[in-house]
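A.B. asks: My questions will all concern the structure given below.
The values are calculated or read from the model by the stated rules, or taken from the named source; none is laboratory data. None of these values were measured; they are calculated from a predicted model. No Cβ is skipped: glycine too gets one built from the backbone with ideal geometry, and neighbour counts run over all protein chains shown.
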Amino acid sequence: MGSPQFTRQMTIPEWEALFPDDDACKTYLAKRRWPSGVVTCPRCGSDKAYPLPTRPFHWQCHACSPNKAGYRFSVLVNTIFENTNIGLRQWFKVIYLMLTSKKGISSLQIQRIMGFGSYKTALYMSHRIRAALADPDFRKLIGIVEVDETFVGGKNKNRHADKRTDGLGGAGKTVVMCAVQRGGTVVARVVAAVDLLTATRFVNEAVSTKVDLVATDESNIYNRVSERSAHEFVTHSRGEYIRGEVHTCTIDGFWPLLKRGIIGTFHNVSAKYLPLYVTEFEWRYNNRDTPDIFGQAVAQC
């Protein structure tokens, strides 16, 4: 399998030239959302929506209005940009900053660059963008799929005395479970525990029954995988890491991307918001070959 194709990002001058003002951003958003033009009403689905000549980037639909006054909607309807006091160009700039930062960018750094008066504004925007990056057209993985889990969180010895926990290295940490299709996409989820029931449920949700092979390590939490799919494992405890097609090397390449981003950029991520950060790095991995990842992100927002 060849290395992933490098996807070129826009430079800052290119971005500035493409989006000089909010109207340019709205035009871009409209084309991304409706490549063939607005043909249906977002409320009722009627194909009678028509543009308002007196209000740019606004449309009107009479079909879903009880009093026939018409339902008016803008290009921002049903997006994360709707009902905010933040300009669309600022939203686009934050998206651009997030996508051009290899390991992500912290909300504090966004606040500094954008000049926001409040850290909460930057945090609100970045979390909304991460939530929008969740895959709306998720398809179960096929082919050869690797499944593994990892622990995210600080070392027990570095915690304050009142926050230390008893147990092994994963005690007190948050569990992330992941499945990756070789040469394809990754599915990563924050889960409540590392046990047989949780692992079985995750595999059932993420991996197709038509899969060629599910490769894992020797952990007994994957014992039920063989009941639904072809399953082989490598025994890491005996120094076995590759046996023909059976290995978890692909997924072992995803974990550093996630952990380096969290440790090196965000430093401290709470268990409450960890799913949003996992979604961001999952999206980065899955769109590594997308020619226009900025356009793809805007379309999902």
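A.B. asks: When you scan the range 110-138, how many residues do you find that are crowded, with 17+ Cβ neighbours inside 10 Å and not in a loop (DSSP other than H, G, I, E, B)?
C.D. replies: 11
A.B. asks: Go through the range 44-94 residue by residue and tally those that are in a loop (DSSP other than H, G, I, E, B), within 22 Å of ALA131 (Cα to Cα) and not β-branched (Val, Ile, Thr). Please lay out each step first, then the result.
C.D. replies: Initial filter on the range 44-94 (in a loop (DSSP other than H, G, I, E, B)): 44-49, 52-57, 62-70, 75-87.
Remaining after also requiring within 22 Å of ALA131 (Cα to Cα): 75-87.
Cutting the leftovers down to not β-branched (Val, Ile, Thr) gives us 76, 78, 81-83, 85, 87.
Qualifying residue count for the region: 7.
A.B. asks: Now for a different question. Of all residues in the range 179-204, which are touching a strand residue (DSSP E or B) at 6+ places or on another chain (Cβ under 8 Å) and not hydrophobic (A, V, I, L, M, F, W, C)?
C.D. replies: As a first pass, look at the range 179-204 and keep what is touching a strand residue (DSSP E or B) at 6+ places or on another chain (Cβ under 8 Å): 179-182, 184-194, 198-199, 202-203.
Correct list: GLN181, ARG182, GLY184, THR185, ARG189, THR198.
A.B. asks: Quick test for you: out of SER107, SER101, pick the one residue that is surrounded by 17 or more Cβ atoms within 10 Å (Cβ to Cβ), modelled with pLDDT of 85 or more and of a type in the set (Ser, Thr, Tyr). Talk me through it step by step, then tell me what you get.
C.D. replies: Values: SER101 fails: surrounded by 17 or more Cβ atoms within 10 Å (Cβ to Cβ).
The unique qualifying residue is SER107.
A.B. asks: Moving to a separate point now. Can you report the number of residues in the range 143-154 which are modelled with pLDDT under 95 and among the aliphatic types (A, V, I, L, M)?
C.D. replies: We begin by selecting, within the range 143-154, every residue modelled with pLDDT under 95; these are 150-154.
This time we only want the ones that are among the aliphatic types (A, V, I, L, M), so: 152.
Of the residues in that region, 1 qualify.
A.B. asks: Follow-up question, since we're still on this one. For GLU146, which of the numbered conditions (1) surrounded by fewer than 20 Cβ atoms within 10 Å (Cβ to Cβ); (2) within 30 Å of THR235 (Cα to Cα) fails to hold?
C.D. replies: (1)
A.B. asks: Does the range 157-168 contain any residue that is of a type in the set (D, E, K, R) and at pLDDT 95 or above?
C.D. replies: Within the range 157-168, the subset of a type in the set (D, E, K, R) is 157, 159, 162-164, 166.
Checking which are at pLDDT 95 or above leaves us with none.
No, there is no match, as no residue in the range 157-168 is of a type in the set (D, E, K, R) and at pLDDT 95 or above.
A.B. asks: Scan the range 115-131 residue by residue and report those that are of a type in the set (Gly, Ala, Ser) and under 15 Å from LEU274 (Cα atoms). Before the answer, list the steps.
C.D. replies: Narrowing the range 115-131 to residues of a type in the set (Gly, Ala, Ser): 115, 117-118, 122, 126, 131.
Result: SER126, ALA131.
A.B. asks: Something else now. Could you tell me whether VAL207 is buried (at least 18 other Cβ atoms within 10 Å of the Cβ), over 30 Å from CYS25 (Cβ atoms) and within 19 Å of the chain's Cα centre (by Cα)?
C.D. replies: Working: buried (at least 18 other Cβ atoms within 10 Å of the Cβ): yes; over 30 Å from CYS25 (Cβ atoms): yes; within 19 Å of the chain's Cα centre (by Cα): yes.
In short, yes.
A.B. asks: Which ones in the range 230-254 are crowded, with 18+ Cβ neighbours inside 10 Å and out of contact with any Asp or Glu (no Cβ under 7 Å at 6 or more places or on another chain)? Spell out the reasoning first.
C.D. replies: Taking the range 230-254 first, the residues crowded, with 18+ Cβ neighbours inside 10 Å are 231, 233-234, 246-248, 250-251, 254.
Across the range 230-254, the qualifying residues are HIS231, HIS247, PHE254.
A.B. asks: Filter the range 169-184 down to the residues that are assigned to a loop (DSSP other than H, G, I, E, B), modelled with pLDDT under 95 and either within 19 Å of the chain's Cα centre (by Cα) or closer than 23 Å to VAL211 by Cβ (or both) and list them by number.
C.D. replies: Here is the first cut: in the range 169-184, the residues assigned to a loop (DSSP other than H, G, I, E, B) are 169-173, 182-184.
Keeping just the survivors that are modelled with pLDDT under 95 gives 169-173, 183-184.
Hits for the range 169-184 are GLY183, GLY184.
A.B. asks: Give me the residue from the range 22-41 that is buried (at least 17 other Cβ atoms within 10 Å of the Cβ) and assigned to a loop (DSSP other than H, G, I, E, B) and, out of that set, modelled with the highest pLDDT.
C.D. replies: The selected residue is CYS41.
A.B. asks: Would you check if THR84 is of a type in the set (Val, Ile, Thr), surrounded by fewer than 14 Cβ atoms within 10 Å (Cβ to Cβ), over 26 Å from PRO13 (Cβ atoms) and out of contact with any helix residue (DSSP H, G or I) (no Cβ under 7 Å at 6 or more places or on another chain)? Reasoning before the result, please.
C.D. replies: Values: of a type in the set (Val, Ile, Thr): yes; surrounded by fewer than 14 Cβ atoms within 10 Å (Cβ to Cβ): no; over 26 Å from PRO13 (Cβ atoms): yes; out of contact with any helix residue (DSSP H, G or I) (no Cβ under 7 Å at 6 or more places or on another chain): yes.
Criteria not met by THR84.
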